[in-house]
Structures are given as C-alpha cells and as structure tokens.
1. Which condition from (1) out of contact with any Leu (no Cβ under 6 Å at 6 or more places or on another chain); (2) touching a residue at least 60 places away in the same chain (Cβ under 8 Å) is the one that A:G159 breaks?
2. Any idea which residue in the range B:153-177 is most open to solvent (accessible area, probe 1.4 Å), counting only those that are in contact (Cβ under 8 Å) with a residue 60 or more places away in the chain, within 16 Å of ligand 2 (Cβ to nearest atom) and not in a strand (DSSP E or B)?
3. Considering (1) farther than 14 Å from A:A247 by Cβ; (2) open to solvent by 10 Å² or more (accessible area, probe 1.4 Å); (3) of a type outside the set (V, I, T), say which one A:M84 fails and leave the rest.
4. What single numbered condition from (1) in contact with a strand residue (DSSP E or B) (Cβ under 7 Å, 6 or more places away or on another chain); (2) at pLDDT 95 or above fails to hold for B:Q82?
5. Give the residues of the range B:87-98 that are within 8 Å of chain A (Cβ to nearest Cβ) and not acidic (D, E), sorted by residue number.
6. In the range A:206-224, what count of residues is obtained for those that are more than 8 Å from every other protein chain (Cβ to nearest Cβ) and part of a loop (DSSP other than H, G, I, E, B)?
7. Hey, A:G156 hits all of (1) surrounded by 14 or more Cβ atoms within 10 Å (Cβ to Cβ); (2) under 24 Å from the mean Cα position of the chain (by Cα); (3) among the small types (G, A, S); (4) more than 17 Å from A:S268 (Cβ to Cβ) but one; which does it fall short on?
8. Restricting to the range B:109-126, give me the number of residues that are out of contact with any Ser or Thr (no Cβ under 7 Å at 6 or more places or on another chain) and either over 15 Å from B:I176 (Cα atoms) or among the hydrophobic types (A, V, I, L, M, F, W, C) (or both).
Amino acid sequence: MGAHKLTTDSIATPAAVQARAWRDGLVAYPGTVAFLLLMAIAVPFLGAFWVRTFTAMLIIAIGAWGVAILQARLGLVSLAGIAMIGLGGWIALRLNHATGLPFEVVLILTAAITAMVALVLGLPALRHRGLLYSLLTLMFAAAFHVIVSSVGFPDGGSGFWGRVTGSTQRMLMPRPAIAQGHLAYFFYVLVVVALCFAFSQVMLRSRLGRAWAMIRISDSVAQSCGIRVGWARAKAFALAGGLAGVAGCLWAGSVGQLDGRSFDPLQSLLLFGLVVVAGPWSMIGALLAGFLYRVFPAILDSLGVTGHVATMIFGAALIHAIVTAPRGIAGQLEDLFAAISRRLDTERKRQ
Amino acid sequence: MIRIKGITVAFGGVKPLRELSFQLSGAICGLIGPNGAGKTTLVNVLSGFVTPVAGEAEAFGTRLLDMRPEARHAWGLARSFQTPQIADDLSVAENVMVALDPLSLPGAERSQRLAMVLAETGLAPRAHVQGRRLDGFDRRLVELARCKVSRPRLILLDEPAAGLAATERAQLIDLIRALPVPGESMVLIIDHDIDLIAAICEQTAVLDFGTLVACGTTRDVLADPKVRAAYLGEFEEGTS
Ligand SMILES: Nc1ncnc2c1ncn2[C@@H]1O[C@H](COP(=O)(O)OP(=O)(O)OP(=O)(O)O)[C@@H](O)[C@H]1O
Ligand SMILES: [Mg+2]
C-alpha cells in the first residue's frame, strides 16, 4: 500500500515542498507586489516633498519588517526598532566618511555589522522568551539615544566618533551614483525594499523559518525536533538587525546626515505599536507601519492638524487592534479580499 | 530497552516523581496510571524538558540525561505531546520536515523518507495543507509522521489515541504497530485506554502518585490486584 501511494503522491519530496514554500513566499503575495507597484506608479506624480516622505516610509518599512518578524514569528518584542535603524545609519555614515566606498558596498557592510551588533545585543536573551529581550532592546534604545544626542552622528571628522570640530566643513553622505535625484532615490529604495522582502521570505520559508515556527510553539517542542533554539533565535536577531542596518544606510543616504533627535526611544516604542496595529504577519503590514509612521503624520500636518492627534489616533488604533484584530490591518485586508474572492467565486458558479 | 533509576522530580514542594525506578523492554511498551500520576512528567524527563533532582535514565545503554534536549533528537529520541503540537503556518509536509532538518541527510534520503512517512500515514494527499486547517486526527497523524521520519530509537507517545473515534483509533494502532524496528527501537505509549495498552504493549509500567505500582509483562501487570485496586478498579467502574 505504501509503495503504491509513494508513486502517486511523490510530489511531496523535500525539494518540492521547499520549492512550493518559496513560491508561496515570493510570488503568492499579490497584495505586497500590488502595493509596491501602486507606489511605483503613483508616487512620481506627487511633488518632491511627498516623494521624499514616501521614500522615508519605505525605509521605515524595512526596519519595521524586522520588528514584525521578531514579533509574529518568534514572539519577541523588540523595543529598539528605530534605534537599530539609527545604529545602522551611524555605521553607514562612519563607513562612508572613513572609506569612501561605493554606496552599495557600504549598504552591505552596514547590514552585516548591524546584524552582528543585534546578535550580540540579543545574546543574554537567547535562552529566554519574552520580557528579557524587550528590556534589553529598550535599554539599548535609551543608551543609543543618549550617545547620539550628546556625540552626534559622524559627519566626516576623524577619530572613532567621526565628528568635525571647529570650523571645518561638515560632510554629507552621498547618494548612490545611479540615484542622485529624489525620484531616482525613491525607486532605488523601492528596489532595495523588494530585495529585502524577497531575501527574508527565502529565510522564512526554508529550514530556519521552519525552526522559528516550532520555537514559536515552544522551546521544548522545537528542541524535541532537534532544533538548536538559541542558535535559531540568534539568527533571527541578526536578520532583524541586518534589515535595520539596510534601513539605516538608506536613511543616511537619503538625507546625507542624521539627527540624534529622530532616535528618541519613544520612536522605537511607537514603531513597535504600529507594527502590531498594521499586522506583523505580512509585508503589507510592514509597509502600512511605515505609512502610519511617516506618511500619515505628514498628511495630518498638511491638513493643519498637529502631530499629537496622530499619536492619540495610534493609541486608540493599538487598543482596537489588540482587542479585535490580532493580525492587524493587513490581516483584515487579507480577510476582506478573501471574502470578496469567495463572493465572486459563488457568483461565477451560480451563472 | 529503557531503565529508570531513582528519578525524583520536584516542582517546588510538589514531587510528581519520587525515586522512581523500573525497567521496560520490548518493541512497544506501556506507561499507565491515573491522572496526575506523573506519566507526562517522566516523558518530559526523558526528552529533557524537566531536569530531575536525582536519578538516571538509560535507553539502549545510553545515559539520556547527560545529553542536551536537542542532542537527544540526533541520538534517536522522538516524542509526541498530549496536545498535538503543530505549527499552524507550516504545511503538513513542512511540519514533518522539521524533524528531518537538523539531521543533515543527503537530499535523496530526505526525499525518500518524507515521501514514505507521508504515504504510510495517509497524509500524502494533504501534504501541502496548512497546519491550521487540520482536524484533531490529522494533527495526531502529523505528530506521528514527525516522530517516525527521523527513524528514532526511542519514541515516546503521550496519549496518542485520546479523543479519537473508533475507526481513527484502529488506524492509529496499526500505525503505532508499524513504528518500531524490533531489537533496534522501542515505543513507549502513555494512554488511559487499557484495551489499547493490552492489545499492543508487551510490557507495561503502572505509576501512581509518582511511584511505581507494578511493572512487567502487560498481562501480568493488568492482572495484579494492586494495579486493579489503584487504577483499573476505578477505571472499569467509570466505563462500564
Ligand atoms: N510544571 C509543573 N509545575 C508544577 N507541577 C506540575 C508541573 N507539571 C506537572 N505538575 C504536577 O505533577 C503531577 C504529575 O503531572 P503529569 O502531567 O506528569 O501527570 P500525568 O500522569 O501525565 O497525568 P494525565 O493523565 O492527566 O496527563 C500533577 O500533580 C501535576 O499537577
Ligand atoms: Mg499527561
């Protein structure tokens, strides 16, 4: 009986399962692809201010996706989302001013170094779930803010901190050679977002992602399958850190210089809240988090409403999300589209 | 063949296992006892989730407690859980593959093993169904497939037939019977269903309040007056 079934159902080989998982991960996200395409089509028609705002939104979305992966896939609450992006920005500026390497090289090096720092930061929490990691990241966010607000970000000076003294001209980080203008840089960032999403989907849908899915059930269940829990968690810290590093480098490249005031620990808390509201399970959620963080306040601002109103709306939305929509806005959108397509299906059958 | 020697577990003041010692051999063995007797706790000790304050456990001549929990998988330990532990966002095949992943086998071997367990458990047609869409029985099957795919030496099944319909139970029993390789591997089943234990277990140990009530061939154990008094008496009254 077994042998008979083996031939008829031999599609379920690990290679086939893996291929299918990757396909699901990469292609079967029409919503994310549509979202990015829509932005690619619509944003160029907006003015320079909005092009820059949407660029910032995409940059935040990369960092938010790292926070979302930790939250949804591993059950870890990172309260250093923005601080990690800031660290990436610091590293990118330092590397750029010290070496003058091409933007792409700085981008990759920044991602690698930020990933390492994130991993080291998470080490004490490897064997624990929950609170310890949140506290560690919160402490990091606070410490990072103290440092960058007193020392500032590198601006072409010498020494470890890379700060210009006296009347020497401060330096800006140049944008990539192929994307000097605002619109070109927007498209550059859009492509990097797509690459980051694709890369993370490959990880989520392979051996490592399967290990994370088991760890989310419980450490014990994962261990009973031979999974080295600490090691798998360390890789998640590194992935989230690497994404934050990419975001930080893009941010530094976008404005040329960073300001310590953008990296208040409250901003990291806000980003985490927005990730939960927007939907940590999906990449659309990360994009929406970026939208809420960067574009929504700008819209309110342009309507003459103060930013505090945005914070209050976010607070209410967070409570609403936790109570009614555990998969966030993105989850609700997915449910809506699923309902519509079911409806269309039944209509078609009826005819 | 497993040998338990003087295992004591303490959760604060509670001692679910107290100087427990016994030995079981046979392809399929049973572990029974009333609710709260310490059965799951013993399985947790063997699989490494609970560290006993004293005692030793040996399986096929290897001291299990010296190994880290995840290393016991590579040694050849697999277990199921009283409530099936299936990842909702992984497919059936992926839920089985997790136990294969850490073994770093050649690709062809992986393929063959996965296809075989999926076929044997009848899960092959549902290989790509997401975990969240599975019913209770399929969840049990996925856990069983996951236990089987790594070709373990010691398989611990914690109430695998609980809550199943009669036909499902019969199918599960056939699958469990086919699990062990005689002389090379052993299945230890916890269950409250005495008929199931009597039907498939060569030897059985009975626990009550964390201590051993009886241990030996299943037939002898089930006939033991102490066992009937401590466990079966109330059980039979409860069912008949
Ligand atoms: N983590 C824990 N902390 C404290 N007490 C525990 C813990 N795990 C189990 N116990 C206690 O240990 C005793 C044995 O529990 P165990 O789960 O091993 O029983 P069992 O024989 O599997 O029972 P059942 O048939 O109901 O599954 C129970 O009294 C239980 O309350
Ligand atoms: Mg139990």
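The values are calculated or read from the model by the stated rules, or taken from the named source; none is laboratory data. Given the structure is predicted, the values throughout are model-derived calculations rather than measurements. Note: ideal-geometry Cβ built from the backbone for every residue, glycine included; neighbour counts use all protein chains shown. These accessible areas exclude ligands, DNA and RNA; they are computed on the full protein's heavy atoms, side chains included. Shrake-Rupley method; radii C 1.70, N 1.55, O 1.52, S 1.80 Å.
1. All conditions are met except number (2).
2. Among those that are in contact (Cβ under 8 Å) with a residue 60 or more places away in the chain, within 16 Å of ligand 2 (Cβ to nearest atom) and not in a strand (DSSP E or B), it is B:A162.
3. Checking A:M84 against (1) farther than 14 Å from A:A247 by Cβ; (2) open to solvent by 10 Å² or more (accessible area, probe 1.4 Å); (3) of a type outside the set (V, I, T), the one that fails is (1).
4. Evaluating B:Q82 over (1) in contact with a strand residue (DSSP E or B) (Cβ under 7 Å, 6 or more places away or on another chain); (2) at pLDDT 95 or above leaves (2) as the failure.
5. B:A87, B:L90, B:S91, B:A93, B:M97, B:V98
6. Qualifying residue count, the range A:206-224: 1.
7. Failing condition for A:G156: (2).
8. Counting residues in the range B:109-126 that are out of contact with any Ser or Thr (no Cβ under 7 Å at 6 or more places or on another chain) and either over 15 Å from B:I176 (Cα atoms) or among the hydrophobic types (A, V, I, L, M, F, W, C) (or both) gives 12.
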